[in-house]
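Asks: Starting off with a structure, shown below.
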Amino acid sequence: MRPLILASSSPYRRQLLERLGLPFSSQSPDVDERPAPGEPAKALVKRLAEAKARALSEAHPGKLIIGSDQVAVLDGQILGKPGNFERARAQLLAASGRSVEFLTGLCLLNTDTGTCHVHCEPFRVHFRDLSPQQVEMYIKKEEPYDCAGSFKAEGLGIRLFQALEGRDPNALIGLPLIALIDLLQTEGVDPLNPPA
């Protein structure tokens, strides 16, 4: 099997990819994640997912490189990683009682052939009505400062939601595994029949 490289330093993405039972290594790409002026969210995540994969391509010939990027969108505005308590509080209070769309870009790059598959996986989160006290308590407990949308769906963040809507809940954590399996199969890797 052609070796897999995950172009990410995210522990969440590594944990998700481990669920496929395929051997892989990971490396952080050096990519400027700022959106271009007027760039739509869907175009942004697809561009960044591909940029992350391509950033490692020269150093990893003969490999399949997985790139991924995610943004949250509320009222047409991209919500990035909050980075601190105040921004996380503002994001969650803005999302209270509303729906937020998460877009996850996914790229699989074959460095042998140059074939590049790029996909965007949407997922919608419907938030409960949240009081400032509930939001502050959640942030203090989980410190979701490195997460788009200011929550960890795999942790206590599930308490913030009224409903989830989408094909693959893994996309919400940062790596759409269902779409990735499809892309891997097009490159001759069968996660349903991994090497022993």
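Each value in this text was obtained by applying a stated rule to the coordinates, not by laboratory testing. Just so it is clear, the model here is predicted, and its values are computed rather than measured. Glycine gets a Cβ as well: all are built from the backbone with ideal geometry, and neighbour counts include every protein chain shown.
Asks: Determine the relative contact order of the range 4-186: mean sequence separation of Cα pairs under 8 Å and six or more apart, normalised by residue count, in whole percent.
Replies: 23
Asks: Next question, about the same structure. Can you compute the radius of gyration and Dmax for the range 1-42, using only the Cα atoms, both in Å?
Replies: Reported Rg and Dmax, both Å: 13.7, 41.
Asks: If you work out Rg and Dmax of the Cα atoms in Å from the coordinates, which of (1) 20.4, 66; (2) 17.0, 53; (3) 16.3, 51 do you get?
Replies: Looking at Rg and Dmax of the Cα atoms in Å for this model, the match is (2).
Asks: Would you look at the GNM of the chain, springs on alpha carbons closer than 10 Å, and say which of 116, 147, 107 moves the most?
Replies: Its mean-square fluctuation being the largest, the pick is 116.
Asks: From zero up to wherever the largest Cα-Cα distance of the range 91-163 sits, split into 5 Å bins and tell me the percent of pairs in each.
Replies: 3, 14, 23, 20, 11, 8, 7, 6, 5, 2, 0
Asks: Within the range 4-186, how many Lys pairs sit with Cα atoms under 21 Å apart, leaving out pairs fewer than 8 places apart on the same chain?
Replies: Total qualifying Lys-Lys pairs in the range 4-186 comes to 11.
Asks: Also, I was wondering about something else. Neighbour counts of other C-beta atoms within 10 Å: give me 10, 150, 99 arranged from fewest to most.
Replies: The fewest-first ordering by Cβ neighbours comes to 99, 10, 150.
Asks: Using a Gaussian network for the chain with springs between C-alpha atoms less than 10 Å apart, which of these wobbles most: 136, 50, 18?
Replies: 18
Asks: Roughly how many whole Å is it from the C-alpha centroid of the range 1-77 to that of the range 106-122?
Replies: Comparing the Cα centres of the range 1-77 and the range 106-122, I get a distance of 10 Å.
Asks: Of 15, 192, 74, which is farthest towards the positive pole of the chain's charge dipole, taken about the Cα centre with +1 and -1 on the beta-carbons of Lys, Arg and Asp, Glu respectively?
Replies: The residue sitting most towards the positive pole is 74.
Asks: If you don't mind, another one. For the chain, what is the mean residue ellipticity at 222 nm derived from helices alone (per DSSP H run of n ≥ 4: -39500 (n - 2.57); sum divided by total residues; nearest 500 deg cm²/dmol)?
Replies: -9000 deg cm²/dmol
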